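The values are calculated or read from the model by the stated rules, or taken from the named source; none is laboratory data. Since the structure is predicted, the reported quantities are computational estimates derived from the model, not experimental observations. When we count neighbours, we look across all protein chains shown, and the Cβ atoms used for this are built from the backbone with ideal geometry, even at glycine.
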Amino acid sequence: MPTIIKNGLVYDGSGTPPVKRDILIERKRIMRIGEGLRIPKGTEVVDAGGAFVVPGFIDVHSHSDHNLSIFSDPHQERYIEEGVTSIVGGNCGKSLFPFSKHTLDTRSDWEASLAPIGAHWVGADDFFSFFHRKGIGVNFGTLVGLGSVRNFITRNVRRDVTDSELLFAKKIIRDSIRAGALGLSVGLEYSDESHIPPFEIREYIKTIAEHEGMYSVHLRDYGKNVVRSFEEAVDAVRGTDVRLEINHLDPDGAYAEEYHEVAREIENLNKEGMPVRFDVSPLGEKTKPCYAFLPAWAQEGSRDDIVEGIKEAHVCERVLPRIADLPFDSIFIARVPGQLSFLVGKSISDFAASLHVDPPRALLKLIEISHATALCVVRATDRKLHQDFVYSDYGIVASHSAGAGFEETVHIGERKRFRRFLKDAFQNGRIPFERFIMKLTSHPSSFYRLGRRGLLREGYYADIVVLRDFVPTDVFVNGIAAFRDGTATQSRSGHMIRRKERVRV
């Protein structure tokens, strides 16, 4: 059935000022945009009078594959209710392909013990086919994770690859990108990837350069060595046409000058013609697995290894001094297995007080009782510094979050980030709101080459959001209503987004 959205103030995603327009949707696409459009017989009418009409938001740093919520919540309602219509997974070096029985043991925030996912694929092509048949509520694209590739080859053993294994890894990456993966991701801060040498990564960069893929990097260090870690990422792609995306560049106020230096270098590189972007959270909250606060040596191995390790008295006594200076008042428990739901929303300091122990020991207890699956958020300590990165021309706003995983309890604060962010941006007025909408829509679509998405234009896919007081009330994914009058329809109209040639805005 055709649908017409009438009388809305349309921000089309291009960065131009809004205009009052009607939008006619038919067969997944935007058929007409204009003023006072005639309503064809049998057309559903959405009256957007007094509302903003914008393209569906694009979240390029989702973890819905990592926590397996694309299986437990295929409608991805927590994204839909935020106005997000497209997500990109496979971040931080972890993707759901190549898949083997060892894949879920690579941790990140994957819930291996709660994973009845019925995986019937190995490579990317079969993975895309599986989700095409299964259906999903949002458009879903993915990178291929280097950690997943190496763990597939080495069976999760942390070591160098042989020459023949290097060739095999390059073939997997090449086949994945040919099948539709958007590029390569790596998570160099994580223990199972931190040992990967730069020369090996440069070999993989040559492969993705052949196929116009992109390189998405979770840096080795976001503290005092952030500049050096950033330079390593730049060196990997220098001399190629590979687009570089820096993950989680939420600045740490303790290293403000180092982050300003990174920002200056990103601007200079873009002026020199090197395409570099970074993703930054809406409200300056860094999401981290609870075990990621441990020293690198204590993160090695499987979840079982981590939990059993910190139970050992001699390990515990080595770890405690290393984590004593963490900002425990600013670290909040955001996601836990269902039986620990009473912890959601508490700071580590609050948890420590309830246990009558100091915060470092409380963190170790959280890791133990959640079996290293709990996720935490670290609140920004320097809001102005964070806003400098959010409003940068090279920053892409991303949730660093996910839908609800199997038997997972999620803090309400994680569910309303975008609407709070939109209201703040409009009232802040630091940049025109139309440019801000562009940063959430056409900017990420263009950089990730997602095809005809991110703009409200005739012939584009009808991913559209109606905002009333910055709250999505109606959301369309490929022309199908996924959210109507504030209620989810549980549609599965999302597409699998495969790598495409650039569509110029």
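Would you confirm whether any residue within the stretch 296-305 is polar (S, T, N, Q), at pLDDT below 95 and either closer than 21 Å to His400 by Cβ or touching a Ser or Thr at 6+ places or on another chain (Cβ under 9 Å) (or both)? Before you say what the answer is, go through the steps one by one.
So in the stretch 296-305, the residues polar (S, T, N, Q) come out as 299, 302.
Checking which are at pLDDT below 95 leaves us with 299, 302.
Narrowing further to those that are either closer than 21 Å to His400 by Cβ or touching a Ser or Thr at 6+ places or on another chain (Cβ under 9 Å) (or both): 299, 302.
Yes - at least one qualifying residue is present in the stretch 296-305.
How many residues does the stretch 238-259 hold that are touching a residue at least 24 places away in the same chain (Cβ under 8 Å), part of a helix (DSSP H, G or I) and surrounded by fewer than 23 Cβ atoms within 10 Å (Cβ to Cβ)? Please lay out each step first, then the result.
Filtering the stretch 238-259 down to residues touching a residue at least 24 places away in the same chain (Cβ under 8 Å) leaves 238, 240-256, 258-259.
This time we only want the ones that are part of a helix (DSSP H, G or I), so: 253-256, 258-259.
Subsequent filtering for residues that are surrounded by fewer than 23 Cβ atoms within 10 Å (Cβ to Cβ) retains 253-256, 258.
Of the residues in the stretch 238-259, 5 are touching a residue at least 24 places away in the same chain (Cβ under 8 Å), part of a helix (DSSP H, G or I) and surrounded by fewer than 23 Cβ atoms within 10 Å (Cβ to Cβ).
With the condition kept exactly as written, say whether any residue in the stretch 176-196 is free of Cβ contacts under 8 Å to residues at least 60 places away in the same chain and over 24 Å from Val122 (Cα atoms).
So the first thing to find is which residues in the stretch 176-196 are free of Cβ contacts under 8 Å to residues at least 60 places away in the same chain, and the list is 178, 184, 195-196.
Subset that is over 24 Å from Val122 (Cα atoms): 195.
Checked the stretch 176-196: at least one residue is free of Cβ contacts under 8 Å to residues at least 60 places away in the same chain and over 24 Å from Val122 (Cα atoms).
In the stretch 470-499, how many residues are at positive phi and either in contact (Cβ under 8 Å) with a residue 40 or more places away in the chain or small (Gly, Ala, Ser) (or both)? Talk me through it step by step, then tell me what you get.
Pass one, the stretch 470-499, residues at positive phi: 470, 478-479, 485-486, 490.
Those left that are additionally either in contact (Cβ under 8 Å) with a residue 40 or more places away in the chain or small (Gly, Ala, Ser) (or both): 470, 478-479, 486, 490.
Total meeting the criteria: 5.
Taking the numbered list (1) surrounded by 15 or more Cβ atoms within 10 Å (Cβ to Cβ); (2) more than 25 Å from the chain's Cα centre (by Cα) in turn, His356 passes all entries but (1).
For the structure I just gave you, tell me whether Ile480 is surrounded by fewer than 19 Cβ atoms within 10 Å (Cβ to Cβ) and either touching a Pro at 6+ places or on another chain (Cβ under 6 Å) or modelled with pLDDT of 95 or more (or both). Steps first, please.
Working: surrounded by fewer than 19 Cβ atoms within 10 Å (Cβ to Cβ): yes; either touching a Pro at 6+ places or on another chain (Cβ under 6 Å) or modelled with pLDDT of 95 or more (or both): yes.
It is true that Ile480 is surrounded by fewer than 19 Cβ atoms within 10 Å (Cβ to Cβ) and either touching a Pro at 6+ places or on another chain (Cβ under 6 Å) or modelled with pLDDT of 95 or more (or both).
For residues that are assigned to a helix (DSSP H, G or I) and of a type in the set (Val, Ile, Thr), scanning just the stretch 39-81, find the one that is farthest from Thr473 (Cα to Cα).
Ile70
Can we say Leu450 is touching a helix residue (DSSP H, G or I) at 6+ places or on another chain (Cβ under 7 Å) and buried (at least 19 other Cβ atoms within 10 Å of the Cβ)?
On the way: touching a helix residue (DSSP H, G or I) at 6+ places or on another chain (Cβ under 7 Å): no; buried (at least 19 other Cβ atoms within 10 Å of the Cβ): yes.
Judged against the criteria, Leu450 is not a match.
Among the residues of the stretch 398-422, just one is of a type in the set (Asp, Glu) and either modelled with pLDDT of 85 or more or assigned to a loop (DSSP other than H, G, I, E, B) (or both), namely Glu407.
Yes/no matrix, rows are residues, columns are (1) part of a loop (DSSP other than H, G, I, E, B); (2) of a type in the set (Gly, Ala, Ser); (3) farther than 20 Å from Ser229 by Cα:
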residue: Asp279; (1), (2), (3): no, no, no
residue: Ala292; (1), (2), (3): no, yes, no
residue: Ile310; (1), (2), (3): no, no, yes
residue: Arg322; (1), (2), (3): no, no, yes
residue: Phe332; (1), (2), (3): no, no, yes
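Only one of the numbered conditions (1) of a type in the set (Gly, Ala, Ser); (2) touching a residue at least 40 places away in the same chain (Cβ under 8 Å); (3) assigned to a loop (DSSP other than H, G, I, E, B) is violated by Gly223, and that is (2). In this structure, Pro337 does not qualify as at pLDDT below 90 and crowded, with 22+ Cβ neighbours inside 10 Å.
Given the structure, is Arg220 over 23 Å from the mean Cα position of the chain (by Cα) and either in the same structural domain as Val390 (by TED's automatic domain parsing) or buried (at least 22 other Cβ atoms within 10 Å of the Cβ) (or both)? If you could, list the steps in order and put the result at the bottom.
Values: over 23 Å from the mean Cα position of the chain (by Cα): no; either in the same structural domain as Val390 (by TED's automatic domain parsing) or buried (at least 22 other Cβ atoms within 10 Å of the Cβ) (or both): yes.
No.
Within the stretch 264-277, if we keep just the residues that are surrounded by fewer than 19 Cβ atoms within 10 Å (Cβ to Cβ), touching a residue at least 24 places away in the same chain (Cβ under 8 Å) and not polar (S, T, N, Q), the residue that is nearest to Ser401 (Cα to Cα) turns out to be Pro275.
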